[in-house]
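Colleague: Okay, here's the structure, questions in a sec.
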Amino acid sequence: MSNLTAVTDASFASEVLGASQPVLVDYWADWCSPCKQLAPVLDELAKQYPSIKFVSIDADANTAIPAAQDIRTLPTVQFFQGGQLIQALVGSVTKMKLRQILDDLS
């Protein structure tokens, strides 16, 4: 079972923008091989950073939020704090890079 909460176009505002803690958002699709490689890394990090909310959004099933966030490449990982986008990583990312950002947020 994943440690990431699935969000949709309908729940994005409350789950991400309205969150009281920092949020990592993973944009993915079933056909995306790099997304599948990133998923277990994010699942592991979610266990290690309990003060940060980890969510994922299927960009094929939910098109409004990825379009509104100008997501053009998968995977994309965004970091929100206080309802504001503070950083985004596009394409494959290393665990070390994710840890650096998560350490700053926690």
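Colleague: Is it true that A67 is within 16 Å of R99 (Cα to Cα) and not in a loop (DSSP other than H, G, I, E, B)?
Modeller: Values: within 16 Å of R99 (Cα to Cα): no; not in a loop (DSSP other than H, G, I, E, B): yes.
No: the conditions fail for A67.
Colleague: In this structure, does P34 turn out to be in a helix (DSSP H, G or I) and in contact with a Gly (Cβ under 9 Å, 6 or more places away or on another chain)?
Modeller: In short, yes.
Colleague: Right, something else. Identify the single condition in (1) touching a Leu at 6+ places or on another chain (Cβ under 8 Å); (2) assigned to a helix (DSSP H, G or I) that F80 does not satisfy, given that it satisfies every other one.
Modeller: (2) is the only condition that F80 fails.
Colleague: Restricting attention to the stretch 44-61, report how many residues are crowded, with 18+ Cβ neighbours inside 10 Å and closer than 20 Å to L102 by Cβ. Spell out the reasoning first.
Modeller: Filtering the stretch 44-61 for residues crowded, with 18+ Cβ neighbours inside 10 Å gives 45-46, 49, 52-57, 59.
This time we only want the ones that are closer than 20 Å to L102 by Cβ, so: 45-46, 49, 52-57.
Going through the stretch 44-61 one residue at a time, the tally reaches 9.
Colleague: In a loop (DSSP other than H, G, I, E, B), surrounded by 12 or more Cβ atoms within 10 Å (Cβ to Cβ) and either charged (D, E, K, R) or free of Cβ contacts under 8 Å to residues at least 60 places away in the same chain (or both): which single residue out of V93, V41 fits that description?
Modeller: On the way: V41 fails: in a loop (DSSP other than H, G, I, E, B).
None of the other options fit; the residue is V93.
Colleague: Going residue by residue through the stretch 4-17, is there one that turns out to be in a loop (DSSP other than H, G, I, E, B), at pLDDT 95 or above and of a type in the set (S, T, N, Q)?
Modeller: Yes, the stretch 4-17 contains at least one residue that is in a loop (DSSP other than H, G, I, E, B), at pLDDT 95 or above and of a type in the set (S, T, N, Q).
Colleague: For the stretch 1-58, give me the residue count where each residue is more than 22 Å from Q81 (Cβ to Cβ), among the hydroxyl-bearing types (S, T, Y) and under 14 Å from the mean Cα position of the chain (by Cα). Walk me through how you get there before you give the answer.
Modeller: Narrowing the stretch 1-58 to residues more than 22 Å from Q81 (Cβ to Cβ): 1-2, 10, 29-37, 39-40, 58.
With among the hydroxyl-bearing types (S, T, Y) added as a condition, the list becomes 2, 33.
With the extra rule that they be under 14 Å from the mean Cα position of the chain (by Cα), the set shrinks to 2.
Total satisfying the criteria: 1.
Colleague: Return the residue satisfying two criteria in turn: it lies in the stretch 1-27 and is touching a residue at least 24 places away in the same chain (Cβ under 8 Å) and hydroxyl-bearing (S, T, Y), and of such residues it is surrounded by the most Cβ atoms within 10 Å (Cβ to Cβ).
Modeller: In the first step, residues of the stretch 1-27 are kept if they are touching a residue at least 24 places away in the same chain (Cβ under 8 Å); the result is 2-9, 12, 15-19, 21-27.
In the following step, the residues that additionally are hydroxyl-bearing (S, T, Y) were identified as 2, 5, 8, 27.
Details: S2: 12, T5: 15, T8: 13, Y27: 23.
Once the filter is applied, the top-ranked residue is Y27.
Colleague: Another question, then. Could you list, in sequence order, all residues of the stretch 62-80 that are hydroxyl-bearing (S, T, Y) and either touching a residue at least 60 places away in the same chain (Cβ under 8 Å) or crowded, with 20+ Cβ neighbours inside 10 Å (or both)? Show your work before the answer.
Modeller: Applying the first criterion (hydroxyl-bearing (S, T, Y)) to the stretch 62-80 yields 63, 73, 76.
The one that is hydroxyl-bearing (S, T, Y) and either touching a residue at least 60 places away in the same chain (Cβ under 8 Å) or crowded, with 20+ Cβ neighbours inside 10 Å (or both): T76.
Colleague: Also, I was wondering about something else. Would you please list the contacts, defined by Cβ atoms under 8 Å and residues six or more apart or on different chains, that run from a residue in the stretch 47-61 that is under 13 Å from A6 (Cβ atoms) and in contact (Cβ under 8 Å) with a residue 24 or more places away in the chain to a residue that is polar (S, T, N, Q) and not in a strand (DSSP E or B)?
Modeller: If the second residue must be polar (S, T, N, Q) and not in a strand (DSSP E or B), the pairs left are K53/Q21; F54/N3; S56/S2; I57/T8; A61/T8.
The values are calculated or read from the model by the stated rules, or taken from the named source; none is laboratory data. Please read these numbers as outputs of a predicted model, since none were measured by experiment. No Cβ is skipped: glycine too gets one built from the backbone with ideal geometry, and neighbour counts run over all protein chains shown.
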